[in-house]
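What follows is a short report on a single structure.
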Amino acid sequence: MESGVAQSVVETGVPDLHELAEPGSVMESVMRDIKGHLDELPVMSESAQRAILALHDPLGSLSSVADEIETDATMSTKVLRVANSALYGGIGEVNDVRVACTRLGLRALAQIVTAQATKALFKPLQTEFREALNQYWDHAAKTAIAAEEFSEHVEEEAASWLFISGILHNIGKPVLLNFILAHHQHDSGMLSKDVNLLKREVDRFHRYVGLAVAEHWRLPDITRAAILWSEEPQYGETAGVGKLCHALRLASSFACMRSDEGTDDFMAARSSLHYIGIDLDQTRSLFSRCGERMRNRALL
């Protein structure tokens, strides 16, 4: 990937996306158009935005987040279901949204509403690409779950963002794939007919599209850094988010291994273990706990 661009994008904003692609290529045309169509994305709900901003704000109020969730029937139902799940369930069943919010806490609420807001982007526009979009969501979910397990190995502020960053780290993939199918199907040649070819091109450019989505949704800089550098965490080191990005790299590799995608990805991520100070015995324990949590996706 264009690492030189990656080092400065968080400060300077999303680059002219078409300049990242080969001149005259289909992807140059795609990337030229996509930034102007971001307003077609589903709008992140007010409850999701407030929860994320409250998590970022030391004075963030759980009460204000609960106010927003109460006005969103879908989100209220989800919050009640999670609050009564085996993961969070207390002595008695909770039927009041505000009580459920108190039981879950601000961090879990931010995770729930972000996951729900993000999941809408993983719906395929064409049925033949449903499996690819499902794979993207499955990987995002597993990465988020695994990332939480690294909380004690990163800075306190970064720990609060591990799950959310895991959910968002590949958000550019469904957006870019669906955009090509919606706007460039007739001029993309084999790209829109060969799912593997399409996925390869999506892999090349997704993080910059994801960064554009993060800007469109007005997400905090720390989530933008995670989107941009989770695949190349060494660039996050100079920006002060090295441990977050290395933890996400490891979480993503755990997700790949849990999806029976082999061990190559984990072998490539082993340098991240050293960076955040985890030995092999700790790694085995983390991997085991991740597997247990991945089987119980209460927050998702």
- Note on the structure: Checked E93, E128 against criteria (over 27 Å from R207 (Cβ atoms) and out of contact with any strand residue (DSSP E or B) (no Cβ under 7 Å at 6 or more places or on another chain)); the one match is E93
- Item | Within the stretch 190-199, considering residues that are assigned to a helix (DSSP H, G or I) and without any contact (Cβ under 8 Å) to a residue 12 or more places away in the chain, the one surrounded by the most Cβ atoms within 10 Å (Cβ to Cβ) | L197
- Message: If I filter the stretch 88-101 for residues that are assigned to a helix (DSSP H, G or I) and touching a residue at least 40 places away in the same chain (Cβ under 8 Å), do I get at least one hit?
- Response: no
- Does G236 fit the bill of being on the phi < 0 side of the Ramachandran plot and either crowded, with 16+ Cβ neighbours inside 10 Å or at pLDDT below 90 (or both)? yes
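Kindly evaluate T114 against the criterion of being β-branched (V, I, T), out of contact with any Phe, Trp or Tyr (no Cβ under 6 Å at 6 or more places or on another chain) and surrounded by fewer than 20 Cβ atoms within 10 Å (Cβ to Cβ).
Considered against the rule, which asks whether it is β-branched (V, I, T), out of contact with any Phe, Trp or Tyr (no Cβ under 6 Å at 6 or more places or on another chain) and surrounded by fewer than 20 Cβ atoms within 10 Å (Cβ to Cβ), T114 comes out as no.
Conditions (1) closer than 16 Å to Q111 by Cα; (2) modelled with pLDDT of 90 or more; (3) not in a loop (DSSP other than H, G, I, E, B), marked per residue:
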site: I164; (1), (2), (3): yes, yes, yes
site: P174; (1), (2), (3): no, yes, yes
site: A182; (1), (2), (3): no, no, yes
site: E201; (1), (2), (3): no, yes, yes
site: H206; (1), (2), (3): no, yes, yes
site: A214; (1), (2), (3): yes, no, yes
- Give the stretch 59-87 a look and list any residue that's assigned to a helix (DSSP H, G or I) and either charged (D, E, K, R) or touching a Pro at 6+ places or on another chain (Cβ under 7 Å) (or both), or say none. D67, E68, E70, K78, R81
- The correct count of residues that are among the small types (G, A, S) and over 16 Å from the mean Cα position of the chain (by Cα) in the stretch 101-123 is 1
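This table checks each residue for (1) under 13 Å from A255 (Cβ atoms); (2) crowded, with 24+ Cβ neighbours inside 10 Å; (3) out of contact with any Ser or Thr (no Cβ under 8 Å at 6 or more places or on another chain).
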site: L125; (1), (2), (3): no, no, yes
site: H139; (1), (2), (3): yes, no, no
site: T143; (1), (2), (3): yes, yes, no
site: E148; (1), (2), (3): yes, no, yes
site: S151; (1), (2), (3): no, no, yes
site: V154; (1), (2), (3): no, no, yes
site: W161; (1), (2), (3): no, yes, no
site: I164; (1), (2), (3): no, yes, no
site: N178; (1), (2), (3): no, no, yes
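The values are calculated or read from the model by the stated rules, or taken from the named source; none is laboratory data. Note that the structure is predicted; figures quoted are calculated from it, not measured. Positions of Cβ are generated from backbone atoms using ideal geometry, with glycine treated the same way; all protein chains shown enter the neighbour counts.
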